[in-house]
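What follows is a single structure, written as structure tokens, with notes after it.
The values are calculated or read from the model by the stated rules, or taken from the named source; none is laboratory data. Keep in mind that what you see is a predicted model, and the values were worked out from it rather than measured. Using ideal geometry, Cβ is built from the backbone for each residue, glycine included, and neighbour counts are taken over all protein chains shown.
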Amino acid sequence: MITDPIFYLVATPAVLLMGLSKGGFAGLGLMSLPLMTLVISPVQAAAIMLPILITQDVVTVWAYRHSWDGRNLAILLPGATLGIGLGYVLASQVSDAAVALAVGVISIAFAMRRLVVERRGALRPTRPGVVLGLFWGAVCGFTSMIAHAGGPPFQVYVLPQRLARDIFVGTGAVLFAAINWVKVPPYVALGQFTRENLLTSAVLFPLAILATWLGVLLVRRVSGERFYTAIYILLILVGLKLVWQARAVI
């Protein structure tokens, strides 16, 4: 187990942000890994976070167990599984920075367009299409495996459907719970689940559970319309963060 107090000073806000993200404020969690990499390696940070994510998934899926869209999951999950496999195979050949840049630009363009268009008048909700769903599901799985950025592709596909707030959050909760379990075998194969990393994750479990419940409670206090506006704004901020992150590397 990591015993350095500096690590926990950084890990605490990282886990809190991830919990709020899991609770429904999608996008905040993207700051978690960069925070942790200030004091440990990116590989170790990812290995410590995955068991925490799985623990938080249990809370979120339970909270939204009656609120999810089966058609979206049936379309997205096969694509996400394929994307994770591609991410595992191509991990050494694909630049994290290039993936982050592409996801960032797409996120900013999509969210800004939606905000501008919807202010002119409500758009008719779209239907979940199979081809687009498989594509964005694959992108979601791939970016989750390569750059830990699976949220924006999910949002690009699902947000135009204008699902009820709880259905939107619940669908994402179930999807990413499944994605995180699919990612376990590749992490095991890469030897990232060491005793030190697993014990460190376990120490952070109580905070992870508390933060996720806090996110759920806060989301349920926000009206559906304001919730969607907040998600679009968060998506723009996440996109800017990804572009800046990539700029610093490329």
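A residue that is more than 16 Å from the chain's Cα centre (by Cα) and surrounded by fewer than 21 Cβ atoms within 10 Å (Cβ to Cβ) cannot be found anywhere in the stretch 22-32. Looking only at residues in the stretch 94-127 that are within 30 Å of Ala189 (Cβ to Cβ) and surrounded by fewer than 16 Cβ atoms within 10 Å (Cβ to Cβ), which one is modelled with the lowest pLDDT? Top of the filtered list is Ser95. Here is the figure for the stretch 5-31: residues that are modelled with pLDDT of 80 or more, farther than 16 Å from Val222 by Cα and not aliphatic (A, V, I, L, M) total 6.
Residue by residue, here is whether (1) farther than 25 Å from Leu50 by Cα; (2) modelled with pLDDT under 90 holds:
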site	(1), (2)
Gly85	no, no
Ser92	no, yes
Ala138	no, no
Ala147	no, yes
Gly150	no, yes
Leu159	yes, yes
Ala173	no, no
Asn180	no, no
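Here Ile52 qualifies as buried (at least 22 other Cβ atoms within 10 Å of the Cβ) and among the aliphatic types (A, V, I, L, M).
Per this entry, Gln56 is counted among residues that are touching a Lys or Arg at 6+ places or on another chain (Cβ under 6 Å) and not in a loop (DSSP other than H, G, I, E, B).
Regarding Val188, is this residue surrounded by 14 or more Cβ atoms within 10 Å (Cβ to Cβ) and out of contact with any Asp or Glu (no Cβ under 7 Å at 6 or more places or on another chain)? Criteria not met by Val188. Just for the stretch 207-225: of the residues that are closer than 14 Å to Leu17 by Cβ and aliphatic (A, V, I, L, M), which one is modelled with the lowest pLDDT? The residue in question is Leu218. In the stretch 23-38, the residues that are under 19 Å from Thr171 (Cα atoms) and touching a residue at least 12 places away in the same chain (Cβ under 8 Å) reach residues that are among the aromatic types (Phe, Trp, Tyr) and in a loop (DSSP other than H, G, I, E, B) with C-beta atoms within less than 9 angstrom, at least six apart or across chains, in these pairs: Gly24/Tyr64.
Only one of the listed residues (Phe193, Phe154, Phe176, Phe135) is in contact (Cβ under 8 Å) with a residue 40 or more places away in the chain and not in a helix (DSSP H, G or I). That residue is Phe193.
Every residue in the stretch 131-188 that is in contact with a Lys or Arg (Cβ under 8 Å, 6 or more places away or on another chain) and farther than 20 Å from Ala63 by Cβ, please. Answer for the stretch 131-188, where residues must be in contact with a Lys or Arg (Cβ under 8 Å, 6 or more places away or on another chain) and farther than 20 Å from Ala63 by Cβ: Ser144, Met145, Leu159, Pro160, Gln161.
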